[in-house]
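The values are calculated or read from the model by the stated rules, or taken from the named source; none is laboratory data. A quick note: this is a predicted structure, and the numbers were derived from the prediction, not measured. In this analysis, Cβ positions are derived from the backbone assuming ideal geometry, glycine residues included, and neighbour counts consider all displayed protein chains. With ligands, DNA and RNA removed, areas are computed over all heavy atoms of the protein, side chains included. Shrake-Rupley method; radii C 1.70, N 1.55, O 1.52, S 1.80 Å.
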Amino acid sequence: MSLDTLQKSKNELLSDINELITGMDMAEKINMQLLLSLAVGGLAPNNNKGSDEISENAFNIAVELMTQFRDAGLVKYERPSFMTNELLNALIKESKEVRKIAVRPGKHYLSPAGKVAEELALSNELVQYVNDALGYKVIPNEISSYLYYEEPGDGIPAHVDSDVFSINCIIGLSHEMGDHVENPSSLVVYSNDGKPKRILLKPGELVLLLAGGSVHEREPVVEGEKVSILTVGLRRG
Amino acid sequence: MVNLSMIINGSRAKELESGLDKLQAKLKVLSDNSKGEKKELLNRIISTAVKQNQETEANNEGANHLARYYKPMSTHDQLKLKLKFNDLINVVEMPAN
């Protein structure tokens, strides 16, 4: 297998599937997007040790095709000015309170936002911040969740988000780990050509991600490592 | 960009099911018309997706994207569509002879 022929095959397949997608109706597109989202979960390097060239290129194709369905991109990664210590402490306190009612839908725990997070999600500060960053108006979806990665192996494989979180503010709240943790669990965002960017969120830092089109994952935590985040969903206005 | 929320927000198990049938037929044609590494790449994408679907089903996990995809449907429709999704493997499996 030569790299030249593999690259040619990859480009041909990308072109063919792109053409297919153009002619699809909405239901077909939703299924195609789900198929690709599942595929990246299994093909991503973190979930596919001993990956071969076919898998690596298949992953890159799937990641690139995702951008045909929704906007993609890592827009911001910083601690915004509205994230005061007071607000951060209130969010952390609330996340601990609602942890008691968390459900476990996969390899993580999830609790619905409480009053503090809901107020933040609907606040002028957050909405204006996202408006300015994207250059267009957004509307809060009024759905925000606290996510907790607490048991060894907890994480979320590579995926894209559905419409509710197609514009996603991911806010770091806590990251506990002992000295033995050499590679702390990170949020990983893949660029459109499949290159990973590992982001170790500090408390109060925010990632604004066009998560409906950008493939991303939460790396698994190890024994003694615990991560909590808040995720706030918005959509284009 | 397409607005996928048109169907996401409605009750539309049948629409999604028929979309899955049409998608499968189109991918089958593409696979049949492909050869060599191009076919391998397509088949790897499809077979990995099916395997992931089976794993989340077997583990009774609702990976976020799956849970949100199926949420508006009845349990019966969810199960039916999840199982049907596994039929996509027929696109990549070679005939017995």
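For chain A, the longest principal axis of the Cα atoms and the long axis of helix A:3-22 meet at an angle of about 70 degrees. Between the beta carbons of residue A:183 and residue A:136, assuming R0 = 22 Å, the FRET efficiency works out to 0.05 to the nearest 0.05.
In this structure, the amide hydrogen of residue A:186, modeled 1.01 Å from its nitrogen in the peptide plane, lies closer than 5 angstrom to those of A:219, counting only residues at least 5 positions away or on a different chain.
Under Stokes-Einstein, with the Kirkwood radius over Cα pairs as Rh, the value for segment A:3-67 at 37 °C and 0.692 mPa s is 264 µm²/s.
Its Kirkwood hydrodynamic radius, worked out from the mean inverse distance over all distinct Cα pairs, puts segment A:73-236 at 15.8 Å.
Find, among the GluC sites (Glu not before Pro) in segment A:166-237, those assigned to loop by DSSP (not H, G, I, E, B) with at most 15 other beta-carbon atoms within 10 angstrom.
Values: sites: A:176, A:182, A:205, A:217, A:223, A:225; in loops: A:182, A:205, A:223, A:225.
Sites meeting the loop and neighbour criteria: A:182, A:223.
Can you send over the carbon and sulfur percentage of the accessible area for segment A:3-67, probe radius 1.4 Å, protein chains only? Walk me through the intermediate numbers first.
Numbers: 1090 of 2400 Å².
Carbon and sulfur: 45 percent of the exposed surface of segment A:3-67.
The accessible-area loss of segment A:51-68 on complex formation, taken against its chain alone with a 1.4 Å probe, reaches 40 Å² or more at A:54.
The 1.4 Å probe gives accessible areas that order B:56, A:22, A:5, largest first, as A:22, A:5, B:56.
How much net charge surrounds residue A:201 when only the other residues with a Cβ under 14 Å from the Cβ of residue A:201 are counted, with Lys and Arg +1 and Asp and Glu -1?
Numbers: positive: A:76, A:79, A:197, A:198, A:202, A:218, A:226; negative: A:78, A:176, A:205, A:217, A:219, A:225.
Residues near residue A:201 contribute +1 overall.
Note on residue B:86 and residue A:101: the model spin-label points, each 7 Å out from Cα along the C-beta direction, lie 3.6 nm apart.
Remark: mean inter-chain Cβ contacts per residue of A:149-159 equal 1, using a 10 Å Cβ-Cβ cutoff to other protein chain atoms.
Taking every eigenvalue of the Cα gyration tensor of segment A:12-130, multiplying by 5 and rooting it, what semi-axes result, largest first, whole Å?
On the way: eigenvalues 267, 74, 48 Å².
Ellipsoid semi-axes (Å, largest first): 37, 19, 15.
Taking Cα atoms only, the orientation of helix A:85-98 departs from the longest principal axis of chain A by about 80 degrees. Calculated on the Cα set of the protein assembly as shown, radius of gyration then Dmax: 19.9, 69 Å.
Across segment A:114-131, coupling constants 3J(HN,Hα) worked out from phi with the 6.51/-1.76/1.60 Karplus curve, θ = phi - 60°, read x, 4, 5, 5, 5, 5, 5, 4, 9, 6, 4, 4, 5, 4, 5, 4, 6, 3 Hz, and Gly and Pro carry x. Database remark: amide H of residue A:174 closer than 5 angstrom to the amide H of A:228 (H placed geometrically; neighbours at sequence offset of 5 or more, or on other chains; Pro and chain starts carry no H).
At most 16 other Cβ atoms within 10 Å and a DSSP loop assignment: could you name the trypsin sites (Lys or Arg not before Pro) in segment A:49-113 that fit? Kindly include the intermediate steps, with their values, before the conclusion.
Working: sites: A:49, A:70, A:76, A:93, A:96, A:99, A:100, A:107; in loops: A:49, A:70, A:107.
Here the trypsin sites (Lys or Arg not before Pro) that fit, given the DSSP loop and packing criteria, are A:49.
Estimated purely from DSSP H runs of n ≥ 4, each contributing -39500 (n - 2.57), the mean residue ellipticity at 222 nm for chain A is -11500 deg cm²/dmol once divided by its residues. With contacts taken as Cα pairs under 8 Å and at least 6 residues apart, segment A:1-108 reaches a relative contact order of 24 percent.
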